[in-house]
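First the structure, in the form of structure tokens, and then the observations on it.
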Amino acid sequence: MEAVTTVMQVALIQIDDYGPWTVTPEPRRETDLQSLQASLFADFAEFVGAYDGYAFYGRFDNMYAVVNEIDPTAFERFQRRVRNSYPVTVSVGVGRASTPVEALDVASERLQAAGSAQDGDRREVLAVGSDEPVEAGSVTVGHFDVVDVTGSLTDRRNAVDVTLAIRRATLELVTYLRQEYDSIAHFVGGDNIIAVCPDIGPGAFDDAIEHVNAETGIELQVGVGRGPTAHVAGDEAKAALERCRATGARIRGVDKLPADD
């Protein structure tokens, strides 16, 4: 009987030859490019969401998602959707590994092996990291936000300074979780940051909050969820975050997590 490995699956979406396209035959209007990127991400998020995945906009020309429940060949449908709806095409790398960062590393390496992002001959590649049988592992999601962001920042400081403060906190959190726990974290709007992590405990989240506060003076709170997909874990994390807001606790988890102890 063939061994089955438990893993996390991450997909990387890359617009083919995008840089040269933006200036051919002449530089395109910036607002048109922003509109295209925003629309493409919306379609990507909708596609991934149908499989209970979580999508992150990355740099917009490079987007990624946690997609434990997607057969990699399903991305051929997304590629066809992009080809039929946009003046660009996309290539997809799919990686599987025990942590989100390792899985994204595999997806990145597969796309890089298929050709440069600005190689005009690389079109609609679907590069899967491994054909070995795998079983999707559980996903741990931490949903962070700023404690009383309205009272401490939004209603007290100008919008530019608020944005900078939240970006500093985001950068510290994303970097810390990536270096210490091989996690992927991303700003998702407002004052919200979502982290997809390996199986780490509440102490790790508490350490992350303390680190951000020490480096930036910004106080975060986090709800933690765990489940078979990013969507299930994320919903539990959102519910736990609401409990933080209601009780003043800085970390809360679903009932089966020790964060509630």
Size of the stretch 72-120 as Cα extents on the principal axes (Å, biggest first): 35, 24, 14
Directionally averaged shadow of the stretch 7-79, computed from the convex hull of its alpha-carbon atoms, nm²: 5.1
Per-pair calculated FRET efficiency, R0 = 25 Å: GLN179 and THR31 via Cβ, rounded to 0.05: 0.10
What trypsin sites (Lys or Arg not before Pro) does the stretch 161-261 have in DSSP loop regions with at most 14 other beta carbons within 10 Å? LYS256
For the stretch 8-128, average projected area of the Cα convex hull in nm²: 6.7
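Expected output is a single nm value to one decimal: the length gained when fully extending between THR247 and ARG59, i.e. 0.36 nm times separation in residues minus the C-alpha distance. What is it?
Working: separation 188, 0.36 × 188 = 67.68 nm, distance 3.56 nm.
Full extension from THR247 to ARG59 adds 64.1 nm.
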Nearest 500 deg cm²/dmol is fine: what mean residue ellipticity at 222 nm does the chain get from its DSSP H runs of n ≥ 4 alone, each adding -39,500 (n - 2.57), divided by its residue count? -13500 deg cm²/dmol
What relative contact order, as a whole-number percentage, does the chain give when Cα pairs under 8 Å and 6 or more residues apart are counted? 20
Using distinct alpha-carbon pairs, which all enter the 1/r mean, Kirkwood radius of the chain in Å: 19.3
Could you sort the peptides 192-204, 15-27 by per-residue average Cβ neighbour count (10 Å cutoff), highest mean leading? 192-204, 15-27
With no solvent and one equal point scatterer placed on each C-alpha of the stretch 139-252, evaluate the Debye formula and give log10 I(q)/I(0) for q = 0.13, 0.16, 0.17 Å⁻¹, two decimals. -0.43, -0.66, -0.74
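Throughout, read-outs are computed from the coordinates displayed, never taken from laboratory work. Values in this document were obtained by computation on a predicted structure and should not be read as measured data. In this analysis, Cβ positions are derived from the backbone assuming ideal geometry, glycine residues included, and neighbour counts consider all displayed protein chains.
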